[in-house]
Each structure stands twice: as C-alpha cells, then as structure tokens.
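Let me begin by presenting the structure, written as structure tokens, before commenting on it.
The values are calculated or read from the model by the stated rules, or taken from the named source; none is laboratory data. On a predicted model such as this, the values are computed, not experimentally measured, just so you know. Please note: Cβ atoms are built from the backbone with ideal geometry, for glycine as well, and neighbour counts cover all protein chains shown.
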Amino acid sequence: MNIFDIKQNNRKKIYFYIRKNNLATRQEIAYNLQLSLPTVTQNLEYLVKQGLINSNCKVSNNSGGRNPVAYSYVADAKVAIGLDITKHHIKSIIIDLDGNVVKYIYKRQDYRRDDEYLKILGETVEKIIESVQLDNKKILGVGIAMPGLINQEEGYVVDGRVIDNTGMSCKDFSKYIPHPTKLIHDSNASGFSEIWMSSEIHDAFYISLCNSVGGSVLLNDNVYMGDGLYSGEVGHLNLIPNGEPCYCGQKGCFDAYCNAERLAGYTGYDLDLFFHRLGQGDEKLQKVWDEYLDYLTVAVNDIRMLFGCTVILGGYVGAYMKDYMDVLYKKVDAKSPFGEDTSSYLIPCKNKIESVATGAALHFVEEFFRKLC
C-alpha cells in the first residue's frame, strides 16, 4: 500500500466512523481509530470543505475548559436518482446517502419503444429534480431499472420481451438525461436495496413480486450474477406443467401465476386498491389472494430447498405481505419435508417504498462510498 492509498484509507475510516456515530470529536476519532491528531485534523478539514461533514456543533466537556467541536455526518451531501420503468408507469425517486427518500413521484405512462418516450424519461428526471430545487452538483447519477435480462457491465438489454426493450442500451435510455446513468435489472435493484438496508442479513434469496416475477441471489451483501445473466430468475421456475402461458413462450411459469398484475388486474391495475378491498373482506378477492398464496407457497418451498437460506418477499406485492405472513407460514409449513418453522427463514421486505427505483439509485451511492475521496 503506497502513501496515497494510506491517506485515502484513513480518510474513509474517519468519514465512515462519523457516519456510523453521527457525531464525533477530533479526540474521539483519533483515540478509537488509533490515528494521530494531525492526521485526523487534516482529513476532517478536507471532509468539511467537501461538504460531507459539518463542524458547527459543540459537546459539553465534563473535565472543564472549552467545549470540543463535534463533527456530524451530512446525509444529503450527495443524492442519487432512481427510475423504475414498467409497461404502465415510471416511478422516480431521489435518495440521500443513507437511502432515505428525499422525493418520490409516480407517473402513469405506458412504455413505448420510441424517441418520444425517451424524452418523457428525461422530463421525468428534470421534474423530480426541480420539485425539490436540487443542486445538480449533488447528483451522483441516475439508475434506470427495468425488466429484462440486462448485461449491466456493457449496459444493454439482452432479452426484453416483457416491455419490448431487447437490444436497447443505457445510452438509448439516457439520451435526454444529462447525468451519469446505469442500466440495472429490476429484480437485482430491488434485491440490492433490501440487503443494503438490512445490516443483520448478508446472504439471502430475494423474490421480486413485481409486474414480472424475478429474484436475486444475495451473497456477502452483493448480488451474485452467476455465469450467465439469469441468476435468480425464479419467474421461470415451472410450477404447473402445461399450465398458463408465460411471456417467455413456456407454460406454467411462476411469473404467470404470481406477477403483481395478476392481482392488480382485478382493480383497474391499482394494486393498492386490491389490498384495500382485500382488507375490507371482498370475498372474490379473498379467493384470488388465497390461490395466489398457494402458488407462492410452492415457489418459496422450492427456493428454500435449493438455497437453504433466508427468503425475502419483496417487490410491489412484497410491500403488502406483512399482514398476511401467518397465513403464508401455515401454507409453507404444510409443504416442508423437514418440518421447518417457516417463520425462521421467510420474511417480508423491509424496504416498502419503491424498492426497485431505490435499488437503482443505490448503485451510485455504493459507488460513491467505494471511490470516496
């Protein structure tokens, strides 16, 4: 490790120490990180100048004398934007460096493979920026999440039959977005958002119950991509041989039975309205929901047998699952060949506020932390 690396490493240590503790004095930092006071002072001055921390507060000194200056973490020093693109809507979000939602906007918009739609994406980004009078210098980038097999390294859609985006690139989607961009698979974005915000979980399988069903294999706090581009693509597990047709051309796929639109279609494609009426005791929707849980049960059991790890229910439907977990636990328990307690490994997602868009934005937050200073 050269001198530059040592300096950068010390700066990161100091920054993340303040981020973790939210408030710290120069002396506390030097003592706990085993760094010299001159080293700490120099780095604190740099971080203050960059706007990443504040030095405008003091803490009481019980031993007498002047109260020492305490440095505080600035969560909104930088922000990132995420877009969630589906067949019928565009969801945009701004998050700070802690993943907190600064602004969220929902736009009903049918996807079209044309230049007019790309202009709408650009306008969507500008609108959310203007809505909070955001300084462009704070923006780390715009993560664009969507369904389809996506080569994230090269930035293009390999297979996009869900919304007809095959062959389109990040350059295409960012044509009218004047910020750094990244194209991300919606399930991977959603899964990453969950593991990023769950400090106690490091390995899991995330089921994304969105308008198309997907999943993410999460290992050591990261998405495991596998040898191909379809690691975690549980939407195409065959649940029912020769069952209902799937957009992939096969029959009986998990996606055909448990995508969010299967539920939302009963209430004018308003998923919130579906669960509202379900909660009011709508008998027709009760039957639809019970059948949905039966299919979900089969998939959960198969995934548990394959991976033997925590299984997280996320996506649009996952955001509503908390109130229905006891029912699902009983269904999965009944199918468990080893008599497991399902509640010990099957959990609803924590991130309920647009996990796809949030995960897309978090790509830039994570990148910022990696390259910090």
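Return the pairs, sorted by first residue and then second, in which the second residue is surrounded by fewer than 13 Cβ atoms within 10 Å (Cβ to Cβ) and in a helix (DSSP H, G or I), the first residue lies in region 111-130 and is assigned by TED's automatic domain parsing to the domain that holds Thr166 and at pLDDT 95 or above, the beta carbons are less than 9 Å apart, and the residues are 6+ apart or on different chains.
So the pair list comes out as Ile129/Asn136.
Restricting to region 14-60, what's the tally of residues that are touching a helix residue (DSSP H, G or I) at 6+ places or on another chain (Cβ under 7 Å), more than 18 Å from Leu97 (Cβ to Cβ) and among the aromatic types (Phe, Trp, Tyr)?
Counting residues in region 14-60 that are touching a helix residue (DSSP H, G or I) at 6+ places or on another chain (Cβ under 7 Å), more than 18 Å from Leu97 (Cβ to Cβ) and among the aromatic types (Phe, Trp, Tyr) gives 0.
Criterion first (over 30 Å from Glu154 (Cα atoms) and of a type in the set (Ser, Thr, Tyr)) does Tyr247 satisfy it?
Against the criterion (over 30 Å from Glu154 (Cα atoms) and of a type in the set (Ser, Thr, Tyr)), Tyr247 does not qualify.
Condition test on Ser343, is it of a type in the set (Ser, Thr, Tyr), assigned by TED's automatic domain parsing to the domain that holds Ala256, free of Cβ contacts under 8 Å to residues at least 24 places away in the same chain and surrounded by fewer than 16 Cβ atoms within 10 Å (Cβ to Cβ)?
Taking the combined requirement at face value, the residue satisfies it.
When region 199-216 is examined, which residues are found to be of a type in the set (A, V, I, L, M, F, W, C), at pLDDT 95 or above and out of contact with any Cys (no Cβ under 7 Å at 6 or more places or on another chain)?
Hit for region 199-216 is Ile207, nothing else.
Can you find even one residue in region 304-312 that is touching a Leu at 6+ places or on another chain (Cβ under 9 Å), of a type in the set (Lys, Arg) and either modelled with pLDDT of 95 or more or crowded, with 18+ Cβ neighbours inside 10 Å (or both)?
yes
Criterion first (in contact with a Cys (Cβ under 7 Å, 6 or more places away or on another chain) and among the aliphatic types (A, V, I, L, M)) does Leu183 satisfy it?
Spelling it out, Leu183 is indeed in contact with a Cys (Cβ under 7 Å, 6 or more places away or on another chain) and among the aliphatic types (A, V, I, L, M).
Where in region 149-239 are there strands (runs of 3 or more DSSP E), lying wholly inside it, with at least 2 residues that are surrounded by 23 or more Cβ atoms within 10 Å (Cβ to Cβ) and touching a residue at least 40 places away in the same chain (Cβ under 8 Å)?
181-185, 204-209, 213-219
Of the residues Gly252, Gly214, which single one is farther than 30 Å from Asp115 by Cβ and not assigned by TED's automatic domain parsing to the domain that holds Thr86?
Gly252
Need the failing condition index for Ser193 against (1) modelled with pLDDT under 90; (2) touching a helix residue (DSSP H, G or I) at 6+ places or on another chain (Cβ under 6 Å), just the number.
For Ser193, the failing item is (1).
Out of region 253-295, which residues are in a loop (DSSP other than H, G, I, E, B) and surrounded by fewer than 18 Cβ atoms within 10 Å (Cβ to Cβ)?
Selection gives Gly268, Tyr269, Asp270, Gln280, Gly281, Asp282.
For region 87-105, does any single residue satisfy the condition of being closer than 25 Å to Ile353 by Cα, surrounded by fewer than 17 Cβ atoms within 10 Å (Cβ to Cβ) and polar (S, T, N, Q)?
Within region 87-105, one or more residues are closer than 25 Å to Ile353 by Cα, surrounded by fewer than 17 Cβ atoms within 10 Å (Cβ to Cβ) and polar (S, T, N, Q).
Just to verify a result, which residue in region 129-148, among those that are surrounded by fewer than 21 Cβ atoms within 10 Å (Cβ to Cβ) and not charged (D, E, K, R), is nearest to Ala189 (Cα to Cα)?
That would be Leu140.
Mind listing whichever residues of region 313-326 are in a helix (DSSP H, G or I) and either touching a Ser or Thr at 6+ places or on another chain (Cβ under 6 Å) or surrounded by 13 or more Cβ atoms within 10 Å (Cβ to Cβ) (or both)?
Gly315, Tyr316, Val317, Gly318, Met321, Lys322, Tyr324, Met325
So which pairs qualify, if the first residue must be in region 286-315 and without any contact (Cβ under 8 Å) to a residue 24 or more places away in the chain, the second must be assigned to a helix (DSSP H, G or I), the Cβ gap must be under 7 Å, and the two must be at least 6 apart or on different chains?
Short answer, once both residue conditions are applied: Gln286/Leu278.
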